[in-house]
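Reviewing the structure listed below.
Read-outs: derived from the displayed coordinates by stated rules, not from any lab. Computed from a predicted model, the values in this text were never measured in an experiment. Every residue, glycine among them, receives a Cβ derived from its backbone with ideal geometry; neighbour counts consider all protein chains shown.
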Amino acid sequence: MATTSTPGWTNWVGNQSFTPARAVAPRDEEEVAAAVREASGRGSAVRVAGAGHSFTPVVQTDGTLLDLSALTGVVATDPVRQRATARAGTRIRDFYEPLWADGLALRNQGDIDTQQIAGAVATGTHGSGIRYTSLSGVVRGLRLVTAAGEVRDIGEDEPDLLHAAQVSVGMLGVVTQLELDVTEAYRLREHVSLRAWDDVLEHWEQLVAEHRHFGMFWLPTEESGSLYNLDGHGERLADQCYVKVYDEVGADVPDDDTVGRRVDRCYRIFPMVYDANFHELEYFVALDRAPEALQAMRELMLASLPDAIYPLEVRTVGPDEAFLSSQQGTPTVVISVSGTPGTDYWAYLRSVDALLAQFDARVHWGKLHFLTPERLHDLYPRAGDFIAIRRELDPQGMFLNDHLRPLFA
Ligand SMILES: Cc1cc2nc3c(=O)[nH]c(=O)nc-3n(C[C@H](O)[C@H](O)[C@H](O)COP(=O)(O)OP(=O)(O)OC[C@H]3O[C@@H](n4cnc5c(N)ncnc54)[C@H](O)[C@@H]3O)c2cc1C
């Protein structure tokens, strides 16, 4: 097993850094189990680094840091049952070709595809579309190295364990392999349009219901446009929205690479290109309160938040059953805002938190948030069940860290 001498770890966006006591890069599941047993013997904490695309200190540890980037690859597909099994360190983009070759594709995905699948699943990573869950919601089984250093298979025959493990932020053990529910390969047509804010809110239900994927950016100032290369075509940006929808098309529709109306394989349409120049907060509000929450956000940003330069990004996600999922038991609207790196954006993000608290907003575990232990149980009715399973699997709390302990010990 490789013990790396790298002194420090920094996440992709550069706002989280730490130095673990030990960094280990196991080559297979046996070496993962050996590393966990070795750490346990020394009373050391263990965390896993995925691709480092979370904004929160969810990887941080002063104990042993595991790097699972050697555990990669789609190991099995089942076109009849529409399932795919992959090792934990497989990047989302590395599912594309093996699945497509067997007539399959991921059901949905988010804005980037560089995350490792276990890292993306651990925080509830999602795309947009009310008929689709997050990536965690399609997990049907996983293999876990527990605190005892034992390998445990979790599947649909143990629903509580599965629902705890689907969104676990690395607290139940080290995931080495996952089985996902996938779908038949499909192609998408993109349609991007500039629509008046009032018009979007008036047709909100129709837009959300009619399209496979509906998302939009609202830009609070004229300056915001240059960040995303968007302009208002002569109208004030703050009165409009950039609406992006994707719908499935048949084999008879030819590919098109025109920006704003592309047609291609699904996995070539979903990913966007980002620079590491934003620090994101993302909250989730029950879908039936979406127009009210969006209107309140716009008013807040226009009236009192001159530092709010990054767009408000709006998406939707369908319900699932994972105990710590933001969609547990309810479809949600996703509301994201970003602070500018190098500025003190905390007052701005705190006022967004205070506003969305009035809408009982849940948080994205991988993005900046202010969730307190007091609010956790009100917002996540199955949090107590998650904590009970976490304590059973890891009584010493070796998979906790300073960020997670106050919420989940
Ligand atoms: C530019 C950008 C765009 C993004 N777009 C979206 C989006 O569209 N939708 C969305 O929902 N999110 C999005 N995110 C957030 C991102 O998807 C999540 O933060 C995700 O968790 C990152 O995956 P990762 O592989 O980088 O994991 P990391 O951030 O490295 O780790 C995340 C968590 O998973 C744990 N973990 C990783 N591997 C394992 C394992 N094998 N076993 C146990 N625990 C493990 C880690 O310990 C940590 O707690 C975006 C982030 C960025 C920077």
query: Binning every alpha carbon pair distance of the chain at 10 Å from zero, what are the percents per bin?
result: 5, 22, 33, 26, 12, 2, 0
message: Under the rule of at least 5 residues apart or a separate chain, name every residue whose amide H is placed under 5 Å from the amide H of Ser69.
response: none
task: Using the Karplus curve 6.51 cos²θ - 1.76 cosθ + 1.60 with θ = phi - 60°, work out ³J(HN,Hα) for each residue of region 76-84 in order, rounded to whole Hz, and write x for Gly and Pro.
output: 7, 10, 9, x, 6, 7, 6, 10, 9
statement: Computed over region 112-159, the relative contact order (Cα-Cα under 8 Å, seq sep at least six) in percent reads 23 percent
- request: Tabulate in residue order the Karplus-calculated ³J(HN,Hα) for region 111-125, using 6.51 cos²θ - 1.76 cosθ + 1.60 with θ = phi - 60°, rounded to whole Hz; enter x for Gly and Pro.
  value: 7, 10, 10, 9, 5, 6, 4, 5, x, 5, 5, 4, 10, x, 4
statement: Projected onto the charge dipole of region 275-409 (unit charges on the beta-carbon of Lys, Arg, Asp and Glu, signs +1, +1, -1, -1), the Cα from Pro373, Ala357, Ile309 with the largest positive-side position is that of Pro373
- prompt: In nanometres, what is the gap between the two model label sites at Asp28 and Ala347, each 7 Å from Cα along Cα-to-Cβ?
  reply: 5.8 nm
- request: Of the DSSP beta bridges with both residues in region 1-135, give the percent that are antiparallel, rounding to the nearest 5.
  value: 60 percent
field: Label-zone membership for region 131-163, site Ala76, 7 angstrom Cα→C-beta point, backbone N under 19 Å
entry: 138-145, 151-159, 162
- prompt: Say R0 is 25 Å: what FRET efficiency, to the nearest 0.05, do Asp378 and His203 get from their beta-carbon distance?
  reply: 0.15
query: Under 5 Å between amide H atoms, partner at least 5 residues away or on a different chain: which partners does His279 have, H built in plane at 1.01 Å?
result: Gly339
- prompt: Gain in length, Leu302 to Asn277, computed as 0.36 nm per residue apart minus the alpha-carbon separation, to one decimal in nm?
  reply: 6.8 nm
About the Cα centre, charge dipole magnitude for region 187-371 (Lys/Arg +1, Asp/Glu -1 at Cβ), debye: 340 debye
- request: About the Cα centre of the chain, how large is the charge dipole given +1 on each Lys and Arg Cβ and -1 on each Asp and Glu Cβ? Please answer in debye to the nearest 20.
  value: 840 debye
task: Of the options Gly63, Leu294, His163, report the single residue whose Cα projects farthest towards the positive end of the charge dipole of the chain (beta-carbon charges: Lys, Arg +1; Asp, Glu -1).
output: Gly63
message: Place a point 7 Å from Cα of Glu222 in the direction of its Cβ. Which residues in region 284-315 have their backbone N less than 14 Å from it?
response: none
message: Once you keep just the Cα pairs under 8 angstrom separated by 6 or more residues, what percentage relative contact order results for the chain?
response: 17 percent
- line: Length gained if Thr114 through Arg131 is fully extended, taking 0.36 nm per residue and subtracting the Cα-Cα distance, is 3.7 nm
- prompt: How high is the FRET efficiency between Ala251 and Arg195 when r is their beta carbon distance and R₀ equals 41 Å, given to the nearest 0.05?
  reply: 0.85
field: Amide H within-cut-off set for Gly141, under 5 Å, with H built and near neighbours excluded
entry: Glu179
message: Spelling out what I want: for every residue of region 216-222, take phi, set θ = phi - 60°, compute 6.51 cos²θ - 1.76 cosθ + 1.60 (Karplus), and round to whole Hz; glycine and proline get x.
response: 8, 10, 10, 10, x, 10, 4
- line: Quick note on Ser168, Ser226, ordering by fewest other C-beta atoms within 10 Å, gives Ser226, Ser168
message: From zero outward in steps of 5 Å, how is the percent of C-alpha pairs of region 150-235 spread across the bins?
response: 2, 9, 15, 12, 9, 10, 12, 12, 10, 6, 3, 1, 0
statement: Unit-weight point scatterers at every alpha-carbon of region 187-371, Debye formula, q = 0.17 1/Å: log10 I(q)/I(0) is -1.21
